[in-house]
Amino acid sequence: MKKIVLAAVLAALGSASALAADLGPRAYTKAPVMAAPVSSWQGLYIGGNVGYGWGDNTADINFVPAGSGLVDHSVGARSKSVIGGAQVGYNFQWERMIFGLETDVQGSGIKSSASVAPLAGASGASGGDPTFASTDQKISWLGTARARLGLLVTPDLLLYGTGGAAYGGIKITTDGIISPVNLDHLLGSLDKTKLGWTAGAGAEWMFTRGWSAKVEYLYLDLGSATAFGPQGAKTDLGANYTWSFKENIVRAGVNYHF
């Protein structure tokens, strides 16, 4: 009986070996190659920026009451300064389209000055004495709250337009002398927050996973504001100094995307 079982096992092994030889070498299927991941712009990001602001503004100097013999003036003044700050935003992505919301706050030293002399008209209301007036304006800080709409020209390069609200802390200081003999100064000041609008465009490059760099241009309009400089203690006499606050801003920044 043992001899019969042993013969059967040997016969089975011989059949399996012959079958394996007939099958030939084993074929292997390679795993599919995974494509490199595409940059994702969706989600929250934070970053910082630095830039430069400049503008061609005007200062209007109007004397009250009208008919005082002093000539009103409109004076051009160029403002400029380095700015810097931080931004935070959120992107929504639909294939190549990006829609986002962004807000930023900037420290600013943008300022300009204007002065005029003499101020007396042909009537010589100031008694023939030399007269002058001067005024300064400054945007001490500014911020924006904007929408961004852009197109991915490549998976890593975004071109966009942007626009929305702008706000900033503005300051006006004034000085002047009417009839220097009596030292009637036209001193005045204004310090307030103004609301306006902004619009611009930019480009942003995702240079590595989670990090992007951008360059951006914004036009910012905070409208105008007026400071009154009374003539000495006479609160009904003096000059209104009205400044426009319109600036161009170019800045570069870096964002980290969560």
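The values are calculated or read from the model by the stated rules, or taken from the named source; none is laboratory data. It should be emphasised that the depicted structure is a prediction, and the values quoted were computed from it without experimental measurement. So basically every Cβ, Gly included, is an ideal-geometry build from the backbone, and we count neighbours across all protein chains shown.
Numbers below:
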| read-out | value |
| --- | --- |
| Residues (of a type in the set (S, T, N, Q) and buried (at least 17 other Cβ atoms within 10 Å of the Cβ)) located in segment 191-205 | Thr198 |
| Per-region count, segment 81-120, residues touching a strand residue (DSSP E or B) at 6+ places or on another chain (Cβ under 7 Å), part of a strand (DSSP E or B) and either closer than 30 Å to Ala59 by Cβ or of a type in the set (A, V, I, L, M, F, W, C) (or both) | 26 |
| Ala203 vs. criteria within 27 Å of Val250 (Cα to Cα), in contact with a Gly (Cβ under 8 Å, 6 or more places away or on another chain) and of a type in the set (A, V, I, L, M, F, W, C) | no |
| Hits in segment 157-190 (condition: farther than 23 Å from Ala225 by Cα and either at pLDDT 95 or above or surrounded by fewer than 15 Cβ atoms within 10 Å (Cβ to Cβ) (or both)) | Leu157, Leu158, Leu159, Tyr160, Gly161, Thr162, Pro180, Val181, Asn182, Leu183 |
| Check on Tyr217, within 19 Å of Asp56 (Cα to Cα), at pLDDT 95 or above and of a type in the set (Ser, Thr, Tyr) | yes |
| Selection status of Ala77, assigned to a strand (DSSP E or B), of a type in the set (A, V, I, L, M, F, W, C) and either surrounded by fewer than 20 Cβ atoms within 10 Å (Cβ to Cβ) or modelled with pLDDT under 95 (or both) | yes |
| Qualifying residue in segment 209-231 (condition: touching a Pro at 6+ places or on another chain (Cβ under 8 Å), over 30 Å from Trp41 (Cα atoms), of a type outside the set (Asp, Glu) and in a strand (DSSP E or B)) | no |
| Test: residue in segment 153-172 that is over 22 Å from the mean Cα position of the chain (by Cα), polar (S, T, N, Q), assigned to a strand (DSSP E or B) and under 30 Å from Pro65 (Cβ atoms) | no |
| Tally, over segment 26-68, of residues that are at pLDDT below 85 and loosely packed, with under 15 Cβ neighbours inside 10 Å | 16 |
| Considering residues of segment 206-240 that are in contact (Cβ under 8 Å) with a residue 60 or more places away in the chain, touching an Asp or Glu at 6+ places or on another chain (Cβ under 8 Å) and under 18 Å from Phe132 (Cα atoms) only, the residue surrounded by the fewest Cβ atoms within 10 Å (Cβ to Cβ) | Asn240 |
| Segment 138-152: number of residues that are among the β-branched types (Val, Ile, Thr) and either under 13 Å from Leu218 (Cα atoms) or over 15 Å from the mean Cα position of the chain (by Cα) (or both) | 1 |
